[in-house]
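Engineer: Attaching a single structure in structure tokens format; questions to follow.
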Amino acid sequence: MQQNNFITWPDDAVKLYGIPEVQEAIADIAKDMTSLADSNPLVLPMMNGGLFFAGQLLPLLDFPLQCDYIHVTRYHETTSGSDLHWVRTPSQPLAGRTIVLLDDILDEGITLESVTAYCKEQGAEKVVSAVLTRKERDGKPIASFEPDWWGLSLPDRYCFGCGLDYKGYWRNAAGLFALPAL
């Protein structure tokens, strides 16, 4: 008999935001992104976490854009980051384009900063970024790298839901949740 190796719901998870708050934050970002309407943007969700955010945001952007994706990870389905692992680079040329990076979370900023540098190395005219969530410690961002847009603040704890995973699972959780501080 085959065993299920999935991760069950963590009983000690605390709900931080429900879907209405998440949708409102995404709508606010979309309104601010209208400044990109005439720039022929190429939107690059960063997989896998950026999938939820992109799926909610793109229908709210009422201007022509192209979409591809990039897949870079530091977590490898664990709860702590390590070295960058490049899984997939975009198939669309980046040279001369306005690139819009979308990700689920800005934690330490290492991944987003590295992908921004990659896009510039590929000749992007402009690189902007939006993240659904940003971790804070004592009310201040943890990362020194700042995205152009961000939606919701998260505590300096392990969080999941709405694209953020818990050991590779629960990206589909209906809301944003945090585990207790270690």
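Values quoted throughout were computed directly from the atomic coordinates according to the rules given, and no laboratory measurement underlies them. Because the structure is predicted, anything quoted here is derived from the model rather than measured. For neighbour counting, all protein chains shown are included, and Cβ atoms are generated from backbone atoms with ideal geometry for every residue, glycine included.
Engineer: Non-local amide H neighbours of residue 154 (under 5 Å, H modeled in plane, Pro and chain starts lacking H): which ones?
Structural biologist: Residues meeting the criterion, in which the H sits 1.01 Å from N, are 134, 135, 136.
Engineer: All other residues with a Cβ under 9 Å from the Cβ of residue 135 taken together, and with Lys, Arg as +1 and Asp, Glu as -1, what is their net charge?
Structural biologist: Values: positive: 134, 137, 157; negative: 107, 108, 136, 156.
My count for the surroundings of residue 135 gives -1.
Engineer: For the stretch 132-139, take each phi angle, set θ = phi - 60°, evaluate the Karplus expression 6.51 cos²θ - 1.76 cosθ + 1.60, and give the result in whole Hz per residue in order, putting x for glycine and proline.
Structural biologist: In residue order, the calculated couplings are 5, 9, 9, 6, 10, 10, 6, x Hz.
Engineer: Please identify the GluC sites (Glu not before Pro) of the stretch 118-182 that satisfy two criteria: DSSP loop assignment and at most 14 other Cβ atoms within 10 Å. Which are they? Walk me through the intermediate numbers first.
Structural biologist: Numbers: sites: 121, 125, 136; in loops: 125.
Sites meeting the loop and neighbour criteria: 125.
Engineer: List the residues, sorted by chain then number, that are 5 or more residues from residue 105 or on another chain and whose placed amide H is less than 5 Å from its amide H.
Structural biologist: Those qualifying (amide H under 5 Å, at least 5 residues apart or on another chain) are 132, 133.
Engineer: Output the 0 to 90 degree angle, nearest 10, between the alpha-carbon long axis of helix 110-121 and the longest principal axis computed from the alpha carbons of the chain.
Structural biologist: Computed tilt is about 20 degrees.
Engineer: So, one more: Which ordering of 85, 71 is given by a fewest-first count of other beta-carbon atoms within 10 Å?
Structural biologist: Values: 85 11, 71 16.
Ascending Cβ contact count within 10 Å gives the list 85, 71.
Engineer: Treating the stretch 83-182 as a set of equal point scatterers at the Cα positions, no solvent, please give the Debye-formula log₁₀ I(q)/I(0) at q = 0.10, 0.21, 0.23 Å⁻¹.
Structural biologist: Once normalised to I(0) and log-transformed, intensities are -0.31, -1.13, -1.25.
Engineer: Count charges around residue 24 for me, please; just the other residues with Cβ under 15 Å from its Cβ, Lys/Arg as +1, Asp/Glu as -1. Intermediate results must be reported in sequence, preceding the final value.
Structural biologist: Details: positive: 31; negative: 21, 28, 32.
Around residue 24, the surrounding residues sum to -2.
Engineer: Can you give me the convex hull volume of the Cα atoms of the stretch 21-154, divided per residue and expressed in Å³?
Structural biologist: Numbers: hull volume 14.1 nm³, N = 134.
It comes to 105 Å³ per residue, whole-number rounded.
Engineer: Pick from 28, 103, 62 the residue whose mean-square fluctuation is largest in a GNM of the chain, springs joining Cα atoms under 10 Å.
Structural biologist: Result for the chain, Cα springs under 10 Å: 62 fluctuates most.
Engineer: Related question: So what's the angle, to the nearest 10 degrees on a 0 to 90 scale, between helix 19-32 and the longest Cα principal axis of the chain?
Structural biologist: Rounded to the nearest ten degrees, it is 20.
Engineer: In what order do 16, 51 fall by count of nearby beta-carbon atoms within 10 Å, going from fewest to most? Could the numbers behind the result be given before it?
Structural biologist: Working: 16 19, 51 16.
So the residues, fewest neighbours to most, are 51, 16.
Engineer: Short version: ³J(HN,Hα) in whole Hz for each residue of the stretch 35-45, in order, from phi by Karplus 6.51 cos²θ - 1.76 cosθ + 1.60 (θ = phi - 60°), x for Gly and Pro, what are they?
Structural biologist: Taking θ as phi minus 60°, the curve returns 5, 8, 4, 9, 9, 6, x, 10, 8, 10, x Hz for the stretch 35-45.
Engineer: Just need log10 I(q)/I(0) for the stretch 89-143 at q = 0.28, 0.30 Å⁻¹, Debye formula, equal scatterers on the alpha-carbon atoms, no solvent, rounded to two decimals.
Structural biologist: Normalising to I(0) and taking log10 leaves -1.09, -1.18.
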